[in-house]
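*Asks:* Below you'll find the structure I mean.
The values are calculated or read from the model by the stated rules, or taken from the named source; none is laboratory data. Remember, it's a predicted structure, so these values are computed and weren't measured experimentally. Glycine also receives a Cβ, built like all others from the backbone with ideal geometry; neighbour counts cover every protein chain displayed. The accessibility values were calculated without ligands, DNA or RNA, using every heavy atom of the protein model including side chains. Shrake-Rupley method; radii C 1.70, N 1.55, O 1.52, S 1.80 Å.
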There are 2 protein chains.
Amino acid sequence: MQELRDRIAREGRNLGRGILKVDSFINHQVDAHLMMSVGRDLARLFSNAHPTKVLTAEISGIAPALTTALALDVPVIYARKTRPVTMPDDAYRDEAPSHTKGGSVELLVSPEVLLPGDRVLIIDDFLASGRTIAALARLVGQSGATLVGIGTLIEKSFEGGRAFLASQYAVPIGSLVTITDMRDGQIVFGE
Amino acid sequence: MQELRDRIAREGRNLGRGILKVDSFINHQVDAHLMMSVGRDLARLFSNAHPTKVLTAEISGIAPALTTALALDVPVIYARKTRPVTMPDDAYRDEAPSHTKGGSVELLVSPEVLLPGDRVLIIDDFLASGRTIAALARLVGQSGATLVGIGTLIEKSFEGGRAFLASQYAVPIGSLVTITDMRDGQIVFGE
């Protein structure tokens, strides 16, 4: 997706250790129009899979997941990391490694919204190691719903997440922009 | 806003102690089309104030703030509750009481995105005590930007947040749906 790639080339910052700073347009300040374009493109990639729900993890997945859901005309669910008082005790739970705090973070989804008959498209901002997305996929499994695709805005292909997920889930995996290398302060885009 | 009010009447649950469960369409599962309508209505309420940024707090403010920003054709910023590694050390910080964990929660915004010349519209899902919104307003003050309005989806008027905010900030405060009473398991809507 040229629009997103151009924006990363212009505003993205390589902070080292594989950390890409995109908080002026994706995950702190959000360019609402860019998010709509991103959602339309992700929806187009996965419309053949006929998702009935989009699933993401709070926090930075919410914006692109919402716009993708809008374009697909389905609801979006964001897995919570802390159980709100409104969530039933029998929530589906799994764990993913935490990027910010070390250790692991819990992901919770209510059985009231993720149903056995659902066809679920997982959307997140980044595909890096794939561990958060794998946790979301296990929540889909717990619910009895069917995972039908995995889509992200930015794939850091050098972290191997695609291979990790593909080894476990036989579903289409798509990203709008691929970054192949971030060594030496560079941001190298894939084909 | 009739569409939102009807939805709350149909799917909202009064869990007692003033807790309104709306997690099937607002803050766990999100109805993307309803969020677009909500964003258009909030944008209409505040377009005369000419905001240049929408500001919200993660997590459940993100969806309505994004759609409001889209309708206003401006970016949206969500204040973070945990400092990401990409955020500079000199972030604006303030504190709000935590609903889920007790104690208080920190709210952080980067000076890179909230600028002294900005005209800021605060959007959140609920107006209850107004304490989280007040913390966002203080972040606006720290940055030197100008607060131009406060909008929410659902106001629980019996919690007094509007009076609390109005006593400190001379800006328009608007909500799409007002709930005046939640005693005895009821959900009583305002005019």
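*Asks:* Residue check: is A:THR152 among the polar types (S, T, N, Q), part of a helix (DSSP H, G or I), under 15 Å from the mean Cα position of the chain (by Cα) and away from chain B (no Cβ under 13 Å)?
*Replies:* no
*Asks:* Please go through segment B:36-55 and give me each residue that is in contact (Cβ under 8 Å) with a residue 40 or more places away in the chain, open to solvent by 10 Å² or more (accessible area, probe 1.4 Å) and facing chain A (nearest Cβ under 9 Å), ordered by number.
*Replies:* The answer is B:LYS53, and nothing else.
*Asks:* In addition: Considering only segment B:131-171, state which residues are among the polar types (S, T, N, Q) and within 20 Å of B:LEU66 (Cβ to Cβ).
*Replies:* Scanning segment B:131-171 gives B:THR132, B:THR152.
*Asks:* Out of segment A:1-35, which residues are surrounded by 18 or more Cβ atoms within 10 Å (Cβ to Cβ) and within 7 Å of chain B (Cβ to nearest Cβ)?
*Replies:* A:LYS21, A:ASP23, A:SER24, A:HIS28, A:GLN29, A:VAL30, A:ASP31, A:ALA32, A:MET35 - these are the residues of segment A:1-35 that are surrounded by 18 or more Cβ atoms within 10 Å (Cβ to Cβ) and within 7 Å of chain B (Cβ to nearest Cβ).
*Asks:* Still on this structure, I have one more. Please indicate, with yes or no, whether at least one residue in segment B:94-110 is open to solvent by 10 Å² or more (accessible area, probe 1.4 Å), under 30 Å from B:GLY16 (Cβ atoms), within 16 Å of the chain's Cα centre (by Cα) and of a type in the set (Lys, Arg).
*Replies:* Taking every residue of segment B:94-110 in turn, none turns out to be open to solvent by 10 Å² or more (accessible area, probe 1.4 Å), under 30 Å from B:GLY16 (Cβ atoms), within 16 Å of the chain's Cα centre (by Cα) and of a type in the set (Lys, Arg).
*Asks:* I've got another one for you. Could you check how many residues of segment A:104-144 are not in a loop (DSSP other than H, G, I, E, B) and not aliphatic (A, V, I, L, M)?
*Replies:* Counting residues in segment A:104-144 that are not in a loop (DSSP other than H, G, I, E, B) and not aliphatic (A, V, I, L, M) gives 12.
*Asks:* Take the residues of segment A:111-125 that are within 14 Å of chain B (Cβ to nearest Cβ) and of a type in the set (A, V, I, L, M): which is surrounded by the fewest Cβ atoms within 10 Å (Cβ to Cβ)?
*Replies:* Among those that are within 14 Å of chain B (Cβ to nearest Cβ) and of a type in the set (A, V, I, L, M), it is A:LEU115.
*Asks:* Quick one: in segment A:73-87, which of the residues that are open to solvent by less than 30 Å² (accessible area, probe 1.4 Å) and in contact with a helix residue (DSSP H, G or I) (Cβ under 7 Å, 6 or more places away or on another chain) is nearest to the other protein chains (Cβ to nearest Cβ)?
*Replies:* Of everything passing the filter in segment A:73-87, A:VAL76 is nearest to the other protein chains (Cβ to nearest Cβ).
*Asks:* Hey, among A:ALA145, A:ALA128, which residue is open to solvent by 10 Å² or more (accessible area, probe 1.4 Å), under 18 Å from B:SER24 (Cβ atoms) and more than 12 Å from every other protein chain (Cβ to nearest Cβ)?
*Replies:* Exactly one residue qualifies, and that residue is A:ALA145.
*Asks:* Under 7 Å by Cβ, and 6 or more places apart or on different chains, what pairs join a residue from segment B:157-170 that is buried (at least 17 other Cβ atoms within 10 Å of the Cβ) with one that is modelled with pLDDT under 95?
*Replies:* B:GLU159/B:GLY18
*Asks:* Failed condition for A:GLU58, given (1) at the interface with chain B (Cβ under 8 Å from one of its Cβ atoms); (2) open to solvent by 20 Å² or more (accessible area, probe 1.4 Å); (3) closer than 21 Å to A:LEU114 by Cα, with all others met?
*Replies:* Failing condition for A:GLU58: (2).
*Asks:* Further, regarding this structure: From (1) farther than 28 Å from B:ASN14 by Cα; (2) in contact (Cβ under 8 Å) with a residue 60 or more places away in the chain, pick out the condition that doesn't hold for B:ILE123.
*Replies:* Just one mismatch for B:ILE123, condition (1).
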